[in-house]
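The values are calculated or read from the model by the stated rules, or taken from the named source; none is laboratory data. For clarity, every value in this text was computed on a predicted model and none was experimentally measured. Quick reminder, even Gly has a Cβ in these numbers, built from the backbone with ideal geometry, and neighbours come from all protein chains shown.
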Amino acid sequence: MTRDRDPSGRPRNARPRDGLGRPLDRAAADSAADAADRIPDDLVITGAEAAALADRLLRDGRPFHAHEVLEAAWKTGPAGERDLWQGLAQIAVGLTHARRGNARGPFGMNIAFFLAAADDLAARIERDGLDGIPPADLSPRLLGAG
């Protein structure tokens with residue numbers, strides 16, 4: 001089977017996806033009521049629009065689609081914002097895996113442990129600011145026990 005490509009030849013996946021971003025069978029997807037709206041591959045979006053749409057998608061339990069929005073902001077936004085959007089997109093991917101039941105990622109990664117540590121660290125930074133956080137605490141374990 002040939003891969004979907006855009007007019008410039010870049011790979012694209014035009015198959016419909018479910019709410020967690022898993023591709024649906026092409027034949028079944030034509031009539032699938034659960035096929036989720038796709039985020040366009042060429043989406044250009046402002047930071048405020050990306051934040052609002054990604055927030056809604058995350059609250060709706062659609063982290064894969066939030067990732068697509070955040071990735072668009074990362075790829076098309078101002079250079080000074082790209083690290084922020086890339087990091088948020090990667091968190092949304094982690095949430096996608098967790099929602100799919102993959103709490104322990106590849107290579108021995110403990111996604112649930114890492115997300116809990118990240119949540120704790122974010123709350124501490126919000127409460128105490130960066131000056132109140134020891135540098136060692138800014139290095140959570142990806143392969144942590146849990």
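Given the conditions (1) more than 23 Å from Met109 (Cα to Cα); (2) at pLDDT below 85; (3) out of contact with any strand residue (DSSP E or B) (no Cβ under 7 Å at 6 or more places or on another chain); (4) assigned to a loop (DSSP other than H, G, I, E, B), and given that Ile45 satisfies all but one, which numbered condition is not satisfied?
So the condition that Ile45 fails would be (2).
Here is a list of conditions, (1) at pLDDT 85 or above; (2) touching a helix residue (DSSP H, G or I) at 6+ places or on another chain (Cβ under 8 Å), and Ala112 meets all of them except one; can you say which number that is?
Unmet for Ala112, out of (1) at pLDDT 85 or above; (2) touching a helix residue (DSSP H, G or I) at 6+ places or on another chain (Cβ under 8 Å): (1).
So if I check each of Ala89, Ala122, which one is without any contact (Cβ under 8 Å) to a residue 24 or more places away in the chain, surrounded by 10 or more Cβ atoms within 10 Å (Cβ to Cβ) and touching an Asp or Glu at 6+ places or on another chain (Cβ under 6 Å)? Full working, then the answer.
Details: Ala122 fails: touching an Asp or Glu at 6+ places or on another chain (Cβ under 6 Å).
Exactly one of Ala89, Ala122 is without any contact (Cβ under 8 Å) to a residue 24 or more places away in the chain, surrounded by 10 or more Cβ atoms within 10 Å (Cβ to Cβ) and touching an Asp or Glu at 6+ places or on another chain (Cβ under 6 Å), namely Ala89.
So for the range 48-60 (the condition being more than 15 Å from the chain's Cα centre (by Cα) and over 28 Å from Gly19 (Cα atoms)), does at least one residue qualify? Before you say what the answer is, go through the steps one by one.
Within the range 48-60, the first condition is being more than 15 Å from the chain's Cα centre (by Cα), and the residues that meet it are 48-49.
Add one more test, that the residue is over 28 Å from Gly19 (Cα atoms), and what stays is none.
Within the range 48-60, not a single residue is more than 15 Å from the chain's Cα centre (by Cα) and over 28 Å from Gly19 (Cα atoms).
Give just the number: which of (1) over 16 Å from the mean Cα position of the chain (by Cα); (2) assigned to a loop (DSSP other than H, G, I, E, B) does Asn102 not satisfy?
Among (1) over 16 Å from the mean Cα position of the chain (by Cα); (2) assigned to a loop (DSSP other than H, G, I, E, B), Asn102 violates only (1).
Results for (1) in contact (Cβ under 8 Å) with a residue 40 or more places away in the chain; (2) over 18 Å from Thr46 (Cβ atoms); (3) of a type in the set (Asp, Glu); (4) surrounded by 18 or more Cβ atoms within 10 Å (Cβ to Cβ), shown as yes or no for each residue.
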position	(1), (2), (3), (4)
Arg62	yes, yes, no, yes
Glu71	no, no, yes, yes
Ala79	no, no, no, no
Leu84	no, no, no, no
Gly108	no, yes, no, no
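Does Ala117 fit the bill of being surrounded by fewer than 20 Cβ atoms within 10 Å (Cβ to Cβ), among the hydrophobic types (A, V, I, L, M, F, W, C) and assigned to a helix (DSSP H, G or I)? Explain how you work it out, then say what you get.
Values: surrounded by fewer than 20 Cβ atoms within 10 Å (Cβ to Cβ): yes; among the hydrophobic types (A, V, I, L, M, F, W, C): yes; assigned to a helix (DSSP H, G or I): yes.
Criteria met by Ala117.
Find the residue count for the range 48-84, including only residues that are in a helix (DSSP H, G or I) and closer than 26 Å to Gly9 by Cα.
15
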